[in-house]
Amino acid sequence: MPTAPLDAIDRRILRVLQENARIPNVELAQAVGLSPSPCLRRVRDLEERGIVRRYVGLVDPGAVGLPVSVFVQVTLERQVERALETFETAVQERPEVMECYLMTGDADYLLRVVVPDLEAFQRFLMDHLTRVPGVASIKSSFALKQVKYLTALPLD
């Protein structure tokens, strides 16, 4: 479904909301150069069009006991529709899987998994991931340090 293009004001609104989704409408309007009523209409339009999908709070993983990030490459035995659906359904059910992408290249999927420690990752791997029908191989890489992490899209 095509959406109307974003104008400069929409992009300014999105930039501000990406930095502070809790900003009061009056402050948002001032920041983007609108009066409050038209600003609120634009925000609601962006929400209704699905451009703003939801508002979230970003939580520090280490502060809540999930300091280990693991990137997992998964290759399936066969890349057929049923195998893809089975894998994707299994991954959706696992709370430690933060992101999952269907990929081109050597692996079929790339996952980002967060866990409290190596033992928890081993349990996830042995009790869940290796038991998904159709999984042929799994390669894991542990993140040593997060160098850059953004949630705001570059809207310039």
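The values are calculated or read from the model by the stated rules, or taken from the named source; none is laboratory data. Because the structure is predicted, anything quoted here is derived from the model rather than measured. Cβ sites come from the backbone with ideal geometry, for glycine too, and all protein chains shown count toward neighbours.
Kindly establish whether TYR101 is closer than 30 Å to ASP10 by Cα, out of contact with any helix residue (DSSP H, G or I) (no Cβ under 7 Å at 6 or more places or on another chain), without any contact (Cβ under 8 Å) to a residue 12 or more places away in the chain and of a type in the set (Ser, Thr, Tyr).
Criteria met by TYR101.
Please enumerate the residues belonging to segment 27-48 that are free of Cβ contacts under 8 Å to residues at least 12 places away in the same chain and surrounded by fewer than 18 Cβ atoms within 10 Å (Cβ to Cβ).
Within segment 27-48, GLU27, GLN30, SER35, PRO36, SER37, PRO38, ARG41, ARG44, ASP45, GLU47, GLU48 meet the criteria.
If GLY105 passes every condition in (1) of a type in the set (Gly, Ala, Ser); (2) surrounded by fewer than 16 Cβ atoms within 10 Å (Cβ to Cβ); (3) assigned to a strand (DSSP E or B) but one, which one does it miss?
Every listed condition holds for GLY105 apart from (3).
Can you tell me which residue among ILE13, ILE51 is outside any helix (DSSP H, G or I) and either without any contact (Cβ under 8 Å) to a residue 60 or more places away in the chain or in contact with a His (Cβ under 8 Å, 6 or more places away or on another chain) (or both)?
After applying the criteria, what remains is ILE51.
Mind counting the residues in segment 3-25 that are more than 13 Å from ASP45 (Cα to Cα) and of a type in the set (Ser, Thr, Tyr)?
0
Condition (residue is closer than 30 Å to LEU6 by Cα, without any contact (Cβ under 8 Å) to a residue 40 or more places away in the chain and either surrounded by fewer than 12 Cβ atoms within 10 Å (Cβ to Cβ) or out of contact with any Phe, Trp or Tyr (no Cβ under 6 Å at 6 or more places or on another chain) (or both)) applied to segment 62-84: is it met by at least one residue?
The answer is no, given that none of the residues of segment 62-84 is closer than 30 Å to LEU6 by Cα, without any contact (Cβ under 8 Å) to a residue 40 or more places away in the chain and either surrounded by fewer than 12 Cβ atoms within 10 Å (Cβ to Cβ) or out of contact with any Phe, Trp or Tyr (no Cβ under 6 Å at 6 or more places or on another chain) (or both).
Quick grid of which residues meet (1) over 30 Å from TYR55 (Cβ atoms); (2) free of Cβ contacts under 8 Å to residues at least 12 places away in the same chain; (3) over 16 Å from the mean Cα position of the chain (by Cα):
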site: VAL114; (1), (2), (3): no, no, no
site: GLU119; (1), (2), (3): yes, yes, yes
site: ARG131; (1), (2), (3): yes, yes, yes
site: PHE142; (1), (2), (3): yes, no, yes
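A quick yes/no check of all residues on (1) at pLDDT 95 or above; (2) farther than 27 Å from GLN146 by Cα; (3) not assigned by TED's automatic domain parsing to the domain that holds VAL135:
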| site | (1), (2), (3) |
| --- | --- |
| LEU14 | yes, no, yes |
| SER35 | yes, yes, yes |
| ARG42 | yes, yes, yes |
| VAL68 | yes, no, no |
| GLU93 | yes, no, no |
| GLU96 | yes, no, no |
| VAL115 | yes, no, no |
| GLU119 | yes, no, no |
